[in-house]
Amino acid sequence: MSIVTVQLGQCGNQIGFEVFDALFRDSHCSQGLCSKRENEAYQASCKERFFREEENGVPVARAVLVDMEPKVINQTLSKAAQSGRWKYGQHTSFCQKQGSGNNWAYGYSVHGPKHEESIMNLIQTEVEKCDSLSGFFILMSMAGGTGSGLGAFITQKLQDQYSSSLKTNQIIWPYGTGEVIVQNYNSILTLSHLYRSSDALLIHENDAIHKICAKRMNIKQISFRDLNRVLAHQLGSVLQPVYSEDSSSHYRRNPLGDLMEHLVPHPEFKMLGVRNIPQMSAESLAYNTFTWAGLLKHLRQMLISSAKMEEVMSTILMRILERTRAESQGLQMEEGGDRIAPEGSAVELGYRLAGAAPLSGLPPIGKASAHKDPHFNTSLANLVILRGKEVHGADVDALPPSSLWSRVDLLTAILSGRLRSILFLSSSLTTGFKDPALYTSWLEPVDAFSVWKTQRAFDKYEKSAALVSNSQLLVKPLDMIVGKAWNMFSSKAYIHQYTKFGMEEEDFLDSFTLLEQVVASYGSL
């Protein structure tokens, strides 16, 4: 089944190019580490999902490009054509001469209704070229005007016109330090409208991707293209073909439907986050080897601690030293909201990690309280996707010995302020990703966790693992952005920039109400 991608605004179009380029490059990679027959099946499945062929045999992306300014679309079309590997269709783009000025209301209330017919006709033409439609993959930012405002409008129209087809929005969360003065308004309006019309929101935070570029990819001068390539890698690791659970010879044919089935058990919970390991520069990769047990251990560690990227052990140890130095100066630290007495300091933690006596005032490993820590990252659903050599020997239930786990997890806990959560989980480490403590009480782990595998390696990695999670991971950033928007709204800052294009204050209040309910629902897990 095929996916029609809709690229909206500057951000959506730049990411879209990198995604298609990564998908094509991976599917035609000569280092798939699998048989020729399996590689051909993988290529055919990828092509069916994302590309179609014209008469000259050049793959054409199943995509529609939309922006209110021509510059980025022209650059995107040109780069794809110059690659010589694949291209966009001749009549699959729509652009105008005037942008949206980073104003959500202008994109939604002006550009949307004015250009609805032209854009929807382009999408319909692309849909008609699919033998079987899995759904729509919509790439957009939520901080600007075209991607966010027009993107929310087009998603609503797709819901109206293709109600039985799935809509997944890939959203770029803005930098916390600010890209646009009204980005918080644009963000809450985008999220609230998409929550009504989209089936799932696949969210990437710019801050987290930037950190991966700096810490894992060792990029000194980070550009938007660097960010987009990391994003494309993460999306490709999720969207590329993978075997069904009950078959190791047939690839899944309904990619978006399968993701929704496993990750969105209730329409009130549709925010998905992606983690992918390993991700590193080609120079670093040459000096690293990976095991499935090690990758799964780190992936679970990231899930527990709400980490957006794999931490380097030397960094963790450095932070312990900094914590020890602070305590040696008589400072008290807080962990999970509780005061830690001197006997619970990093100095004693060091002894414990070395195998010494347990921390005073805390339960011994394996005997933590059965009550879930209020700061623990609770999940509704988790999907692990494994790709690469000897993947069928990877066991998500057989994790490393608890003695090693406790040391690694405790180190991670220090960074995230969730020490007590780790102590609690350490009592049942052998259950891996099916640990009931990871999930909300109204879902059984057997229903909340899935694993997909394929022997075919992804990109340049001999072994790689991705985790798509529907959890409390995004509650804190959502709560923060709603709070910032409310502070502006309560002082009536910039409201006139929106009301002059037909919006009312009531529209803002509706958005605040809906997102506060989302925060409350995820918080109650």
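The values are calculated or read from the model by the stated rules, or taken from the named source; none is laboratory data. All of these numbers come straight from a predicted model, not from anything done at the bench. Neighbour counts run over all protein chains shown; Cβ positions are idealised from the backbone, glycine included. Quick note on the areas: whole protein, heavy atoms, side chains included, nothing else; ligands and nucleic acids left out. Shrake-Rupley method; radii C 1.70, N 1.55, O 1.52, S 1.80 Å.
Here Gly178 fulfils each of the conditions (1) assigned to a helix (DSSP H, G or I); (2) without any contact (Cβ under 8 Å) to a residue 24 or more places away in the chain apart from (1). Scanning segment 272-287 for residues that are touching a residue at least 40 places away in the same chain (Cβ under 8 Å) and either touching a helix residue (DSSP H, G or I) at 6+ places or on another chain (Cβ under 8 Å) or small (Gly, Ala, Ser) (or both) turns up Leu272, Gly273, Val274, Arg275, Asn276, Ile277, Pro278, Gln279, Ser281, Ala282, Ser284. Residues that are over 23 Å from Asp397 (Cβ atoms), among the β-branched types (Val, Ile, Thr) and at pLDDT 95 or above number at least 3 in the following helices (runs of 4 or more DSSP H) confined to segment 422-525: 505-523. Kindly evaluate Glu245 against the criterion of being modelled with pLDDT under 95, part of a helix (DSSP H, G or I), open to solvent by 60 Å² or more (accessible area, probe 1.4 Å) and not small (Gly, Ala, Ser). No; evaluated as a whole, the condition is false for this residue. Would you call Lys129 open to solvent by 30 Å² or more (accessible area, probe 1.4 Å), in a loop (DSSP other than H, G, I, E, B), touching a strand residue (DSSP E or B) at 6+ places or on another chain (Cβ under 7 Å) and on the phi < 0 side of the Ramachandran plot? Considered against the rule, which asks whether it is open to solvent by 30 Å² or more (accessible area, probe 1.4 Å), in a loop (DSSP other than H, G, I, E, B), touching a strand residue (DSSP E or B) at 6+ places or on another chain (Cβ under 7 Å) and on the phi < 0 side of the Ramachandran plot, Lys129 comes out as yes. Leu231 falls short on exactly one of the conditions (1) open to solvent by 20 Å² or more (accessible area, probe 1.4 Å); (2) hydrophobic (A, V, I, L, M, F, W, C); (3) closer than 26 Å to His28 by Cα, and that condition is (1). The condition (being basic (Lys, Arg), part of a helix (DSSP H, G or I) and in contact with an Asp or Glu (Cβ under 8 Å, 6 or more places away or on another chain)) is satisfied by just one residue among Lys167, Lys157: Lys157.
Set side by side, the residues Leu317, Leu235, Leu295, Leu272 differ, and just one is part of a helix (DSSP H, G or I) and modelled with pLDDT of 95 or more, which is Leu235. Return only the number of the condition from (1) of a type in the set (Lys, Arg); (2) open to solvent by 10 Å² or more (accessible area, probe 1.4 Å); (3) modelled with pLDDT of 90 or more that Arg253 does not satisfy. In the conditions (1) of a type in the set (Lys, Arg); (2) open to solvent by 10 Å² or more (accessible area, probe 1.4 Å); (3) modelled with pLDDT of 90 or more, Arg253 misses (3) alone.
Screening Leu474, Leu525, Leu514 for residues that are touching a residue at least 40 places away in the same chain (Cβ under 8 Å), crowded, with 21+ Cβ neighbours inside 10 Å, among the aliphatic types (A, V, I, L, M) and on the phi < 0 side of the Ramachandran plot leaves exactly one candidate, Leu474. Being within 29 Å of Gly388 (Cβ to Cβ), outside any loop (DSSP other than H, G, I, E, B), open to solvent by 40 Å² or more (accessible area, probe 1.4 Å) and touching a residue at least 40 places away in the same chain (Cβ under 8 Å), is that true of even one residue in segment 181-203? No; the residues of segment 181-203 include none that is within 29 Å of Gly388 (Cβ to Cβ), outside any loop (DSSP other than H, G, I, E, B), open to solvent by 40 Å² or more (accessible area, probe 1.4 Å) and touching a residue at least 40 places away in the same chain (Cβ under 8 Å). Of the residues in segment 53-62, at least one is under 26 Å from Glu205 (Cα atoms) and either open to solvent by 10 Å² or more (accessible area, probe 1.4 Å) or in contact with a strand residue (DSSP E or B) (Cβ under 7 Å, 6 or more places away or on another chain) (or both). Within this structure, Met488 fails the test of being in contact (Cβ under 8 Å) with a residue 12 or more places away in the chain and open to solvent by 50 Å² or more (accessible area, probe 1.4 Å).
Residue-wise test of (1) at pLDDT below 95; (2) assigned to a strand (DSSP E or B); (3) under 30 Å from Ala457 (Cα atoms).
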| residue | (1), (2), (3) |
| --- | --- |
| Phe20 | no, no, yes |
| Arg25 | yes, no, yes |
| Arg49 | yes, no, yes |
| Gln90 | yes, no, no |
| Glu116 | no, no, no |
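Contact map, segment 76-95: first residue without any contact (Cβ under 8 Å) to a residue 60 or more places away in the chain and over 13 Å from Arg52 (Cα atoms), second residue among the hydroxyl-bearing types (Ser, Thr, Tyr) and in a strand (DSSP E or B), Cβ cut-off under 7 Å, separation 6 or more or different chains; pairs are Leu77/Ser93.
Residue by residue, here is whether (1) in contact (Cβ under 8 Å) with a residue 40 or more places away in the chain; (2) under 24 Å from His204 (Cβ atoms); (3) surrounded by fewer than 20 Cβ atoms within 10 Å (Cβ to Cβ); (4) within 25 Å of the chain's Cα centre (by Cα) holds:
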position: Arg37; (1), (2), (3), (4): no, no, yes, no
position: Tyr42; (1), (2), (3), (4): yes, no, no, yes
position: Glu48; (1), (2), (3), (4): yes, no, no, yes
position: Trp104; (1), (2), (3), (4): yes, yes, no, yes
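The condition of being open to solvent by less than 60 Å² (accessible area, probe 1.4 Å) and modelled with pLDDT of 90 or more holds for only one of Gly99, Gly135, that being Gly135.
If you go through segment 1-16 and keep only what is in contact with a Lys or Arg (Cβ under 9 Å, 6 or more places away or on another chain), open to solvent by 10 Å² or more (accessible area, probe 1.4 Å) and closer than 17 Å to His233 by Cα, you end up with just Gln14.
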